[in-house]
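A.B. asks: This is the structure, below, for whatever I ask next.
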2 protein chains.
Amino acid sequence: MSNTFSFRLIASDGAARRGEFTTPHGAVQTPAFMPVGTQATVKGLAPEAVRLTGAEIVLGNTYHLMLRPGAERIAALGGLHKFMNWPHAILTDSGGFQVMSLSELRKLSEQGVTFRSHLDGAMVELTPERAIEIQALLGADISMQLDECLKLPAAREEIARAMQLSLRWAERSKRAFESVCGGRALFGIVQGGDDLALRGESAQALNRIGFDGYAIGGLAVGEPQEVMLKIVAETAPMLPEARPRYLMGVGTPHDLLEAVARGIDMFDCVLPTRNGRHGMAFSRYGAINLSNARHANDARPLDEQSRHPVARTYSRAYLHHLTKANEILGQVLLSTVNLAYYQELMAGMREAIAGRRFADFRDETMAGWERGDIPAL
Amino acid sequence: MSNTFSFRLIASDGAARRGEFTTPHGAVQTPAFMPVGTQATVKGLAPEAVRLTGAEIVLGNTYHLMLRPGAERIAALGGLHKFMNWPHAILTDSGGFQVMSLSELRKLSEQGVTFRSHLDGAMVELTPERAIEIQALLGADISMQLDECLKLPAAREEIARAMQLSLRWAERSKRAFESVCGGRALFGIVQGGDDLALRGESAQALNRIGFDGYAIGGLAVGEPQEVMLKIVAETAPMLPEARPRYLMGVGTPHDLLEAVARGIDMFDCVLPTRNGRHGMAFSRYGAINLSNARHANDARPLDEQSRHPVARTYSRAYLHHLTKANEILGQVLLSTVNLAYYQELMAGMREAIAGRRFADFRDETMAGWERGDIPAL
């Protein structure tokens, strides 16, 4: 197991890339999907169960963990890997996105952002330096710079201001990181909203600073999918080929397929677990709403072709029952099924890119989703 | 695997008994604890996880399952074992207890009980014959007769009336069962509240009817533990030695230890899962409240000596964090730990009885609980 971060491009097919990065906690095959472990747990799944879905890396949320149980506490307990019993790779976000979306009374300045904790009302300051320090305390294999993420639509001058601030924070993040890195990686985040010129300026400036990987932030924040994919398609080629590219907070299975086609290597999203907790399953034949009464007498499993036993074992009738009865096990099983489907989709993309048949894979996958779920009995 | 129900007494030590019963879905070692799978799921655990705690049999609730998803539906889907993916033994209750505790507008008559469903307000009738029919549709390995269960304290004439009604229902249950049994077992239920004469009358009459096993019902319904244990101590010897004895709805680890000492072979209770969902762990050193701040920095596991990996693996600090953050995984892990502790306690009792050192085991176990949990760091 390598003790430093490195990325290797294994194959490409059009803009789609098949690669691998190594971390002090194991290698990760790309394109990769990272389940979100917001509060030091991928909601509903024990870490072994997360691993059995095929995940090689999970995401931890700095905002949540700094507030509870606290970064210093996790460090004293041996770091986030040990705390949550996940011995594989971890990427942490910088906390910036949740400060914007969850906290009240936030005050943004050149120095950083001060906000009121949504848990106990305490005033907390997050600066680029503190975000790096927290992520080092957590022991993240990949840390993210603090950035300012706007909701779209937004005025161009506002987008430009936030992008420029994020660049200055990128510089400070890099400097702070250099003193604590210890084999770990730091990613910069391209901002610039839906403005391609600003995206280009951001990408170029980050490239000059130099990071181990590059994220595209500020997307999937309210804009149509076609806008998001256009920004991705234009931004990805501006990023260094020899570094992984991470599209933050995205997305649906269709988003993933289209973004990989445009050169993205990494994703994270709460959809598989959040929708699973609300009775919705993702599958090769599109979304399935298990609360629908049509499943009540259906002895068939969700997906006989799935690589994961949960999707092959439990009947739709049982999953429907658990969903209607609001049983924890229903939430757990559907979250598991969804994470497994996301991983199976990523594995399919990786194989297709390596075999230079990504376009066919994309067509077949889309055809499955368009076919839709099997009709009721 | 035997296709009929039978019970074999393997050893005894004082009043405590070590035995085994066989069902069409496997053998069960006694004294046995049955996790409660109210709505066709032991709350929070996949069936493999239930099995890994050591359970050989679970309990299903007729009241819940008849209302949702419905007994005929479960039968059409292949029975409860298949529905919930639990290939081992299942005992179902008769539904009577929950009719009394959960439904509104219930009307009791000689014929049976009519009640309003707590789910959709529909009026439903449950008779001794229908309770047997439902349990046959579910495919229970062990069915229970319908009885009337009173809360204590209650007037003697009321207890006598309910006990006599339960006896007449026992007769009707037996007749109904004889036409549908197919290798399955039917247990009668001794009633009589806290009145030993009535308990004796009930036990004798049930014995004359003849059942595969005998339950003691109507306890753990509000009376002090010493009253319950006195009734158990006096009632157990009135039951046939060659049949299993089941104390319904009991209880705490201490209740189990004391009831085994008085000749009980089987138990069910929601405490391990319910308390687990509320941050409480059972252990060899007594109850542990994981929401207590004293665990926040404690890297030690719940119980290094546990036979179950969950109790040995996750730190108290992590379980505290999950409990405070109200994460599903906290509920799942603590439910697992508690079910595993209950099974470890039962296994310890079985070994002690077989080795004729039950009194020592009881003293040692009590001493552990009295010692209490390890102090905070």
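A.B. asks: Which residues, taken from the range A:250-279, are in contact with a helix residue (DSSP H, G or I) (Cβ under 7 Å, 6 or more places away or on another chain), open to solvent by 40 Å² or more (accessible area, probe 1.4 Å) and either without any contact (Cβ under 8 Å) to a residue 24 or more places away in the chain or over 25 Å from residue A:10 (Cα atoms) (or both)?
C.D. replies: If the condition is that a residue be in contact with a helix residue (DSSP H, G or I) (Cβ under 7 Å, 6 or more places away or on another chain), open to solvent by 40 Å² or more (accessible area, probe 1.4 Å) and either without any contact (Cβ under 8 Å) to a residue 24 or more places away in the chain or over 25 Å from residue A:10 (Cα atoms) (or both), then A:252, A:277 are the ones that fit.
Conditions tested, residue by residue: (1) over 30 Å from residue B:15 (Cα atoms); (2) open to solvent by 50 Å² or more (accessible area, probe 1.4 Å); (3) among the aromatic types (Phe, Trp, Tyr).
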residue: B:281; (1), (2), (3): no, no, no
residue: B:286; (1), (2), (3): no, no, no
residue: B:293; (1), (2), (3): yes, yes, no
residue: B:327; (1), (2), (3): yes, no, no
residue: B:340; (1), (2), (3): no, no, no
residue: B:355; (1), (2), (3): no, no, no
residue: B:361; (1), (2), (3): no, no, yes
residue: B:370; (1), (2), (3): no, yes, no
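A.B. asks: Next question, about the same structure. Using the structure shown, decide if residue B:171 is under 30 Å from residue B:88 (Cα atoms), open to solvent by 50 Å² or more (accessible area, probe 1.4 Å) and touching a helix residue (DSSP H, G or I) at 6+ places or on another chain (Cβ under 9 Å).
C.D. replies: On the way: under 30 Å from residue B:88 (Cα atoms): yes; open to solvent by 50 Å² or more (accessible area, probe 1.4 Å): yes; touching a helix residue (DSSP H, G or I) at 6+ places or on another chain (Cβ under 9 Å): yes.
Yes; evaluated as a whole, the condition is true for this residue.
A.B. asks: Looking only at the range A:308-332, which residues are among the hydrophobic types (A, V, I, L, M, F, W, C) and under 19 Å from residue A:286 (Cβ atoms)?
C.D. replies: A:310, A:311, A:319
A.B. asks: Ok, one more. Step by step: first the residues of the range A:103-125, then only those that are without any contact (Cβ under 8 Å) to a residue 12 or more places away in the chain and of a type in the set (Lys, Arg), then the one that is farthest from residue A:168 (Cα to Cα). Which residue is that?
C.D. replies: So the residue we want is A:106.
A.B. asks: Moving on. Here are the criteria: (1) part of a helix (DSSP H, G or I); (2) closer than 22 Å to residue B:103 by Cβ. Tell me which single one residue B:164 does not satisfy.
C.D. replies: (2)
A.B. asks: Do any helices (runs of 4 or more DSSP H) lying entirely in the range B:286-354 carry at least 1 residues that are away from every other protein chain (no Cβ under 11 Å), within 21 Å of the chain's Cα centre (by Cα) and polar (S, T, N, Q), and which ones are they?
C.D. replies: Details: elements: B:309-313, B:316-324, B:328-354.
Result: B:328-354.
A.B. asks: Those residues that are touching a helix residue (DSSP H, G or I) at 6+ places or on another chain (Cβ under 7 Å) and among the aliphatic types (A, V, I, L, M), I need them from the range B:281-308; list them, please.
C.D. replies: We begin by selecting, within the range B:281-308, every residue touching a helix residue (DSSP H, G or I) at 6+ places or on another chain (Cβ under 7 Å); these are B:281-286, B:290-291, B:295-304, B:306-308.
Residues satisfying the conditions are B:281, B:290, B:296, B:299, B:302.
A.B. asks: Identify the single condition in (1) under 30 Å from residue B:212 (Cα atoms); (2) within 14 Å of chain A (Cβ to nearest Cβ) that residue B:262 does not satisfy, given that it satisfies every other one.
C.D. replies: Here residue B:262 clears every test but (2).
A.B. asks: For the structure I just gave you, tell me whether residue A:79 is within 13 Å of chain B (Cβ to nearest Cβ) and at pLDDT 95 or above.
C.D. replies: Values: within 13 Å of chain B (Cβ to nearest Cβ): yes; at pLDDT 95 or above: yes.
When the stated conditions are applied, residue A:79 passes them.
A.B. asks: Let me ask something else about it. Condition first: in a strand (DSSP E or B), hydroxyl-bearing (Ser, Thr, Tyr), in contact with a Lys or Arg (Cβ under 8 Å, 6 or more places away or on another chain) and modelled with pLDDT under 95. Can you find one or more residues in the range B:142-152 that meet it? Step through it out loud before you land on a result.
C.D. replies: Filtering the range B:142-152 down to residues in a strand (DSSP E or B) leaves B:142-144.
So of that shortlist, the ones also hydroxyl-bearing (Ser, Thr, Tyr) come out as B:143.
Going one step further and asking which of them are in contact with a Lys or Arg (Cβ under 8 Å, 6 or more places away or on another chain), we end up with B:143.
Adding the requirement that they be modelled with pLDDT under 95 leaves none.
No.
A.B. asks: Might you check whether a residue that is part of a loop (DSSP other than H, G, I, E, B) and at pLDDT below 95 occurs anywhere in the range A:122-137? So that I can check it myself, show each step before the final result.
C.D. replies: Residues of the range A:122-137 part of a loop (DSSP other than H, G, I, E, B): A:122, A:127.
Checking which are at pLDDT below 95 leaves us with A:122.
The answer is yes, given that some residue of the range A:122-137 is part of a loop (DSSP other than H, G, I, E, B) and at pLDDT below 95.
A.B. asks: Going through A:46, A:71 one at a time, which residue ends up being within 25 Å of residue A:120 (Cβ to Cβ) and more than 16 Å from the chain's Cα centre (by Cα)?
C.D. replies: Working: A:46 fails: within 25 Å of residue A:120 (Cβ to Cβ).
The match here is A:71.
A.B. asks: Next question, about the same structure. Of the residues that make up the range A:216-224, is at least one in contact with a Phe, Trp or Tyr (Cβ under 6 Å, 6 or more places away or on another chain) and more than 14 Å from every other protein chain (Cβ to nearest Cβ)?
C.D. replies: no
A.B. asks: Of everything in the range B:29-65, what is at the interface with chain A (Cβ under 10 Å from one of its Cβ atoms), open to solvent by 10 Å² or more (accessible area, probe 1.4 Å) and either in a loop (DSSP other than H, G, I, E, B) or without any contact (Cβ under 8 Å) to a residue 24 or more places away in the chain (or both)? Give them in sequence order.
C.D. replies: Selection gives B:38, B:39, B:43, B:46, B:48.
A.B. asks: If you don't mind, another one. Kindly indicate whether residue A:298 is surrounded by fewer than 21 Cβ atoms within 10 Å (Cβ to Cβ), at pLDDT 95 or above and in contact with a Lys or Arg (Cβ under 6 Å, 6 or more places away or on another chain). Talk me through it step by step, then tell me what you get.
C.D. replies: Numbers: surrounded by fewer than 21 Cβ atoms within 10 Å (Cβ to Cβ): yes; at pLDDT 95 or above: yes; in contact with a Lys or Arg (Cβ under 6 Å, 6 or more places away or on another chain): yes.
Considered against the rule, which asks whether it is surrounded by fewer than 21 Cβ atoms within 10 Å (Cβ to Cβ), at pLDDT 95 or above and in contact with a Lys or Arg (Cβ under 6 Å, 6 or more places away or on another chain), residue A:298 comes out as yes.
For every residue, the table says whether it meets (1) open to solvent by 50 Å² or more (accessible area, probe 1.4 Å); (2) in contact with a Lys or Arg (Cβ under 9 Å, 6 or more places away or on another chain); (3) at pLDDT 95 or above; (4) closer than 13 Å to residue B:218 by Cβ.
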residue	(1), (2), (3), (4)
B:156	yes, no, yes, no
B:166	no, no, yes, yes
B:181	no, no, no, no
B:192	no, yes, yes, yes
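A.B. asks: Take residue B:313 and tell me if it is of a type in the set (Val, Ile, Thr), open to solvent by 20 Å² or more (accessible area, probe 1.4 Å) and modelled with pLDDT of 95 or more. Step through it out loud before you land on a result.
C.D. replies: On the way: of a type in the set (Val, Ile, Thr): yes; open to solvent by 20 Å² or more (accessible area, probe 1.4 Å): yes; modelled with pLDDT of 95 or more: yes.
So residue B:313 fits the description; yes.
For (1) open to solvent by less than 40 Å² (accessible area, probe 1.4 Å); (2) farther than 30 Å from residue B:26 by Cβ; (3) away from chain A (no Cβ under 14 Å); (4) not in a helix (DSSP H, G or I), each residue gets a yes or a no:
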position: B:75; (1), (2), (3), (4): yes, no, no, no
position: B:85; (1), (2), (3), (4): no, no, no, yes
position: B:94; (1), (2), (3), (4): yes, no, yes, yes
position: B:100; (1), (2), (3), (4): yes, yes, yes, no
position: B:105; (1), (2), (3), (4): no, yes, yes, yes
position: B:115; (1), (2), (3), (4): yes, yes, yes, yes
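The values are calculated or read from the model by the stated rules, or taken from the named source; none is laboratory data. Predicted, not measured: the structure shown is a model, and the values here were computed from it. Every residue, glycine among them, receives a Cβ derived from its backbone with ideal geometry; neighbour counts consider all protein chains shown. Quick note on the areas: whole protein, heavy atoms, side chains included, nothing else; ligands and nucleic acids left out. Shrake-Rupley method; radii C 1.70, N 1.55, O 1.52, S 1.80 Å.
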